[in-house]
1. Select from the range 1-41 the residues that are out of contact with any Lys or Arg (no Cβ under 8 Å at 6 or more places or on another chain), within 13 Å of the ligand (Cβ to nearest atom) and part of a loop (DSSP other than H, G, I, E, B) and list them in ascending order.
2. Report, by residue number, each residue of the range 97-122 that is within 23 Å of the chain's Cα centre (by Cα) and of a type in the set (D, E, K, R).
3. Just one of the numbered conditions (1) more than 30 Å from Asn14 (Cα to Cα); (2) out of contact with any helix residue (DSSP H, G or I) (no Cβ under 8 Å at 6 or more places or on another chain); (3) surrounded by 12 or more Cβ atoms within 10 Å (Cβ to Cβ) is not true of Glu172; which one?
4. Would you confirm, using the coordinates I've provided, whether Asp235 is surrounded by 12 or more Cβ atoms within 10 Å (Cβ to Cβ), of a type in the set (Asp, Glu) and in a helix (DSSP H, G or I)?
5. Kindly indicate whether Asn45 is within 30 Å of Thr194 (Cβ to Cβ) and exposed (fewer than 14 other Cβ atoms within 10 Å of the Cβ).
6. Whether any residue in the range 97-106 is loosely packed, with under 14 Cβ neighbours inside 10 Å and closer than 25 Å to Ala138 by Cα is what I want to check.
7. Of everything in the range 109-131, what is within 11 Å of the ligand (Cβ to nearest atom) and free of Cβ contacts under 8 Å to residues at least 40 places away in the same chain? Give them in sequence order.
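The values are calculated or read from the model by the stated rules, or taken from the named source; none is laboratory data. In this text, all values refer to a predicted model and were calculated from it rather than measured experimentally. Cβ coordinates were reconstructed from backbone atoms using ideal geometry, including for glycine residues, and neighbour counts include every protein chain displayed.
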Amino acid sequence: MSGILYLCATPIGNLEDMTMRAVRILKEVDLIAAEDTRNSIKLLNHFEIHTPMTSYHEFNKYEKGRYLVGLLLEGKNIALITDAGTPGISDPGEELVRMAHEAGVTVTALPGACAAVNALVLSGLPTRRFCFEAFLPADKKERREVLEELKEETRTIVLYEAPHRLLRTLQELFEELGDRSLTVVRELTKKHETVFRTTLSAAITYYMQNEPKGECVLVLAGEDREDIRKREQEDWCAVPLAEHMEHYISRGMAQKEAMKAVAADRGVSKREIYAMLLKDNEMEK
Ligand code: SAM
């Protein structure tokens, strides 16, 4: 019988957010795999957990992952913890979970703190639909691609950012996405937790005068569907009418059908399109 891999969420600032189950499991397992053992020892000491620890991080995830899966297959129970929050959310874990599943090992997750969800519910922005973008990629090309994709994202967007890169990221978001409602949530669960409800432009002005400090999550309003529709209509209206009609006729549509599609694209009535086409025809004579 193989052991169980426990993904164990730990507090993101307030030790009281440690769950009773997490303490029990961390005491009971054979080994704790931690992102940074020097960091996690403080947590383990606080809760009088004396289980042996080993490191599992971004830079040893394949080699150490294979070793840990080997132990799991021998029947050892292992808990994975990271520096803070939920393992696998912008933290090592994903790879180990994949390896464990592939080896047929049971994986279970102990819920707890996660900065993204905590910030979202505090933001005052729509929570019904959201997307989590984690940290924007460091690679310039990839970053541009993600920002391009986010332009038409209608769900609330949750992003992680480090304080020293906050201003640059806000400026890039403003340049690509335009001004939007934004909530900057800082120091979650800690003494100086702040929820700064603002806009991208106002936040840029603010952080140009006040150095960003502390860990933060950005929660950004999604694009308004009506604005996307208006922009699309404006784009179509810039296309000459004859060309627009040809776009549909060349795809096999009859004249009447094409007029209907063109009218819908431009946000006008079919009658208006008919009148415009008549006028264009007369001008050509
Ligand atoms: N696994 C973690 C989780 O479940 O939230 C996320 C780890 S990720 C390496 C670290 C980022 O999470 C930080 O840069 C910050 O954006 C966010 N974060 C973590 N703790 C936070 C806190 N107490 N307040 C605000 N943001 C926090």
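1. Of everything in the range 1-41, those that are out of contact with any Lys or Arg (no Cβ under 8 Å at 6 or more places or on another chain), within 13 Å of the ligand (Cβ to nearest atom) and part of a loop (DSSP other than H, G, I, E, B) turn out to be Ala9, Pro11, Ile12, Glu35, Asp36.
2. If the condition is that a residue be within 23 Å of the chain's Cα centre (by Cα) and of a type in the set (D, E, K, R), then Arg98 is the only one that fits.
3. (2)
4. Criteria not met by Asp235.
5. The answer is yes for Asn45.
6. Yes; the residues of the range 97-106 include at least one that is loosely packed, with under 14 Cβ neighbours inside 10 Å and closer than 25 Å to Ala138 by Cα.
7. Across the range 109-131, the qualifying residue is only Val117.
So that you can scan it fast, the table gives a plain yes or no per residue for (1) part of a helix (DSSP H, G or I); (2) among the charged types (D, E, K, R); (3) in contact with a helix residue (DSSP H, G or I) (Cβ under 7 Å, 6 or more places away or on another chain):
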residue: Met245; (1), (2), (3): yes, no, yes
residue: Gly252; (1), (2), (3): no, no, no
residue: Lys256; (1), (2), (3): yes, yes, no
residue: Met259; (1), (2), (3): yes, no, yes
residue: Ala264; (1), (2), (3): yes, no, no
residue: Val268; (1), (2), (3): no, no, no
residue: Arg271; (1), (2), (3): yes, yes, no
residue: Met276; (1), (2), (3): yes, no, yes
residue: Lys279; (1), (2), (3): yes, yes, no
